[in-house]
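The next block holds one structure in the form of structure tokens; read it before the comments.
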Amino acid sequence: MTLSLAAPHAKGKFATDKIFGASAAANKDAAQYGKDKVVNATIGAILDDKEALVCLPTVEKVYRSLPINEVINYAPIAGLPEFLEAATSLAFADNRPEAYTSAVATSGGSGVIHHTVANYTEIGDTLLTSDWFWGPYKVLCQDALRKLDTYTLFDEKQNFNTKSYESKVAELLRKQNSLVTIINTPAHNPTGYSLSNSDWDSLLDVVKNAAKDQSKRLILLVDIAYIDYAGEKNECRAFMKKFTNLPDNVLIILAFSMSKGYTMYGQRTGAMIGISPNKDVAREFADINQFTSRATWSNINRGCMRLLATIYNDKTIMAQVEKERAQYYGLIHARADIFVREAKAANLHMLPYIAGFFLTVPAKDPDAVCNKLHEDHIFAVPLGKGIRIAVCAVPSFKITGMAAKMAQAMAEV
Ligand code: PLP
């Protein structure tokens, strides 16, 4: 037996990271056979066609021009007010609902999830998300001694499965009074699906119906990590207007992140934006989450907050950032289009991709298929029920032919 000094609840914690494992295998293969031979579809960041990590040029320019004191100094625990204003305004664009909103700076979108788990669920509670989900959701729940359950994202026609969501909500609310659902849309990781406006209507009907029981609290955490690569700015945010006139016992939390939208992944900057029809709930949101920030990481990255405020407050700079980002959105979409087209031709079934960094091919034995693909020097991430392809990171010329090889690997395992 190995010696353990960990507290009982912490014993056995170990994050097995499939993404890290797949990425390490790709790097090893590249070192052996040369980078040009290897397709590394494991990386969740934008790489250009030369496979170099992209920083939006204007973001880099503004960041490098910040006074050093704005980079090194502490920041208010709740976040710089100018940052919170910019983050809120950029999150909604022209789709601000009629409701009270309040915002607290967080360590990226991950920080939003952390605080939501901490402050809107009890120890032992179960949170809900779809069966295709970003793995760290579960780690964040487990680390906080909560559980994560799933509903089925797609029905047999590949549409949003409202019925499955509805039955899980009812099931969990029989056991607990507060339910947090994490919804990653638009441009969902790992499928690339975006809830349509009518999906949103059905989902909100379920929520409003459940909220008729005044003893229940329903919290929707909308993870918008990929929203800036999801299509036309206001079209892909139109659902936010629907957060008008919700019942008092429903709270919406937007997880705003600078990781993808501003290519500031490692700078750990984001914000949680609470939306409620009730002034007290909005005020409480600011108070309790600020308190948890103090207790978790103190303040976050001042330089990156100042960066967003600077970009937002200069129309020319903002327009330039949006233009550069649109070019990368186009690049990623063009890569995905190749895969989707070739998958159709090869009879390879994939989940509905609309936009975003990833697409997913369902598989019976994802690990076996991924291992088989290594023979073709293709590296992707095996999930529980499928294989995730990071189109954000693979140049078009390497995407070409990939779907056919995947179809073949599927047939052979
Ligand atoms: N949500 C999803 C679905 C993600 O894929 C990521 C990052 O990969 C995040 C949230 C959070 O990113 P960050 O904490 O860097 O903002």
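Please treat every number below as a calculation from the coordinates, not as lab data. From a predicted model like this one, the values you see are computed outputs, not experimental measurements. Cβ placement follows ideal geometry from the backbone for every residue including glycine, while neighbour counts extend to all protein chains displayed.
Go through Lys138/Lys168; Lys163/Lys260; Lys344/Lys385; Lys260/Lys405; Lys241/Lys385 and tell me which ones have a Cα-Cα distance over 24 Å in this structure. Lys163/Lys260; Lys260/Lys405; Lys241/Lys385, as the Cα separations exceed 24 Å there. The distance linking the stretch 267-314 with the stretch 63-83 is 13 Å (Cα centroid to Cα centroid, whole angstrom). Using the Cβ of Met350 as centre and a radius below 13 Å, the other residues enclosed give a net charge of +2, where K and R count +1 and D and E count -1.
Within the set Lys242/Lys315; Lys28/Lys398; Lys216/Lys279, which residue pairs have Cα atoms separated by over 21 Å?
Values: Lys242/Lys315 28 Å; Lys28/Lys398 18 Å; Lys216/Lys279 19 Å.
Correct reply: Lys242/Lys315.
Given R0 = 30 Å, the distance between the Cβ atoms of Asp367 and Asn177 translates into a calculated FRET efficiency of 0.15. For Thr126, the residues whose modelled amide H falls within less than 5 Å of its own, excluding neighbours fewer than 5 places apart on the same chain, are Lys147.
With θ taken as phi - 60° and the Karplus curve 6.51 cos²θ - 1.76 cosθ + 1.60 applied, the whole-hertz 3J(HN,Hα) list for the stretch 234-249 is 7, 4, 7, 10, 4, 4, 5, 5, 6, 7, 8, 6, 7, x, 4, 8 Hz, x standing for glycine and proline.
Computed about the Cα centre, the dipole magnitude for the chain is approximately 420 debye when only Lys and Arg (+1) and Asp and Glu (-1) carry charge, each at its Cβ.
Viscosity 0.692 mPa s, temperature 37 °C: what is the translational diffusion coefficient of the stretch 86-174 from Stokes-Einstein with a Kirkwood Rh over Cα pairs, rounded to a whole number of µm²/s?
Numbers: Rh = 15.2 Å.
Calculated translational D: 217 µm²/s.
For the stretch 37-146, what does the alpha-carbon gyration tensor say about shape, rounded, prolate or oblate, given a ≥ b ≥ c as the root eigenvalues, a/c under 1.5 as rounded, and a/b over b/c as prolate? Oblate shape, in that a/c is at least 1.5 and b/c is the bigger or equal ratio. Which net charge results for the neighbourhood of Ser202, defined as the other residues with beta-carbon distances under 12 angstrom from its beta-carbon, given Lys and Arg at +1 and Asp and Glu at -1? Every neighbour counted, the sum reads -2. Other residues within the sphere of radius under 10 Å centred on the Cβ of Ile378, judged by their own Cβ, net out at 0 (K and R +1, D and E -1). Once both labels are positioned 7 Å from their Cα atoms along Cα-to-Cβ, the gap between Ala52 and Lys37 label points is 2.5 nm. By the count of other C-beta atoms within 10 Å, a proxy for reagent exposure, Met350, Met406, Met264, Met1 are ordered fewest to most as Met1, Met350, Met264, Met406. Neighbour counts of C-beta atoms inside 10 Å place Trp297, Trp200, Trp134 in the sequence Trp297, Trp200, Trp134, starting with the fewest. Among His349, His114, His333, sorting on how many other beta-carbon atoms sit within 10 Å of each Cβ, with the fewest leading, yields His349, His333, His114.
When the stretch 292-411 is described by a simple charge dipole with +1 on each Lys and Arg Cβ and -1 on each Asp and Glu Cβ, the residue from Leu331, Gly303, His349 located farthest towards its positive end is Gly303.
Working note: Karplus 6.51/-1.76/1.60 with θ = phi - 60° gives the stretch 56-72 the couplings 4, x, 6, 4, 4, 4, 5, 4, 6, 8, 5, x, 4, 5, 6, 8, 8 Hz, where Gly and Pro are set to x.
Taking Ser257, Ser89, Ser276 in turn, the Gaussian network model of the chain (Cα-Cα springs below 10 Å) assigns the largest fluctuation to Ser89. Close amide H partners of Ser178, meaning residues 5 or more places away or on another chain with modelled amide H under 5 Å apart, are Arg217.
Couplings 3J(HN,Hα) of the stretch 121-128, computed from phi: 9, 9, 4, x, 5, 10, 9, 10 Hz, in residue order, whole Hz [Karplus 6.51 cos²θ - 1.76 cosθ + 1.60, θ = phi - 60°; x for Gly and Pro].
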